[in-house]
1. Out of the residues in the stretch 58-72 that are in contact with a strand residue (DSSP E or B) (Cβ under 9 Å, 6 or more places away or on another chain) and either assigned to a loop (DSSP other than H, G, I, E, B) or not assigned by TED's automatic domain parsing to the domain that holds residue 87 (or both), which is surrounded by the most Cβ atoms within 10 Å (Cβ to Cβ)?
2. Within the stretch 34-55, track down each residue that is crowded, with 20+ Cβ neighbours inside 10 Å and touching a strand residue (DSSP E or B) at 6+ places or on another chain (Cβ under 7 Å).
3. Would you please list the contacts, defined by Cβ atoms under 6 Å and residues six or more apart or on different chains, that run from a residue in the stretch 10-32 that is free of Cβ contacts under 8 Å to residues at least 60 places away in the same chain to a residue that is outside any strand (DSSP E or B)?
4. I'd like the residue in the stretch 2-57 that is assigned to a loop (DSSP other than H, G, I, E, B) and in contact with a helix residue (DSSP H, G or I) (Cβ under 7 Å, 6 or more places away or on another chain) and, out of all such residues, is nearest to residue 74 (Cα to Cα).
C-alpha cells in the first residue's frame, strides 16, 4: 500500500521524523564549506539569522554553523541517515584539522566524467554491451 492510501483504507496515519544533531565545531565556515565540497559537489551556502547555513545532497541535509556549534538536520529515512553520517564525519574531520589555506573546490566536468564512465564500462563489459548514448543523467545499456 502506498503511504498516500494509508488514511483511506486504515485508521493509521503517516508521520515525518526530522533528526537534529549538534556537534561542537571550532573551525571556520570556509573550512567547513571546503570539506563539504569534497564530500558533495552541490553545497549551497546562505546566511540565516542564527548563523551560516549549508545545504548538501540536493537539500537533503541542512547544516547551521553557529558559535562553536554545527547543527545537522535531515528528514529521517535510510538514505538521508547515510548522508547525515557522512556529513557528521566531514564536520569532525574539518574540526580536527589545523587551519590552512583553503583552495577553491574542484569543479567536475560532467561531460568528461560521462566519457570516462563509458570508457571504463566498455573496458569492463565490452563495447557491444555499452550504448554510448546518455540522456540526462542516465546511461542506457543493452542488457
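The values are calculated or read from the model by the stated rules, or taken from the named source; none is laboratory data. Only a predicted model underlies this, so the values are computations on that prediction, with no experimental measurement involved. Please note: Cβ atoms are built from the backbone with ideal geometry, for glycine as well, and neighbour counts cover all protein chains shown.
1. Step one: filter the stretch 58-72 for residues in contact with a strand residue (DSSP E or B) (Cβ under 9 Å, 6 or more places away or on another chain), giving 59-72.
Next, from what is left, pick out any that are either assigned to a loop (DSSP other than H, G, I, E, B) or not assigned by TED's automatic domain parsing to the domain that holds residue 87 (or both): 59-60, 67-68.
Values: 59: 10, 60: 16, 67: 8, 68: 9.
My answer is 60.
2. Within the stretch 34-55, 36, 54 qualify.
3. Pairs that qualify, where the first residue is free of Cβ contacts under 8 Å to residues at least 60 places away in the same chain and the partner is outside any strand (DSSP E or B), are 12/6; 14/3; 14/6; 17/76.
4. Here is the first cut: in the stretch 2-57, the ones assigned to a loop (DSSP other than H, G, I, E, B) are 2, 10-17, 25-28, 40-43, 49-50, 57.
The next check asks that each one be in contact with a helix residue (DSSP H, G or I) (Cβ under 7 Å, 6 or more places away or on another chain); those that pass are 12-14, 25-27, 43, 57.
Working: 12: 24, 13: 21, 14: 17, 25: 19, 26: 22, 27: 22, 43: 15, 57: 11 Å.
Among residues in the stretch 2-57 that are assigned to a loop (DSSP other than H, G, I, E, B) and in contact with a helix residue (DSSP H, G or I) (Cβ under 7 Å, 6 or more places away or on another chain), the one nearest to residue 74 (Cα to Cα) is 57.
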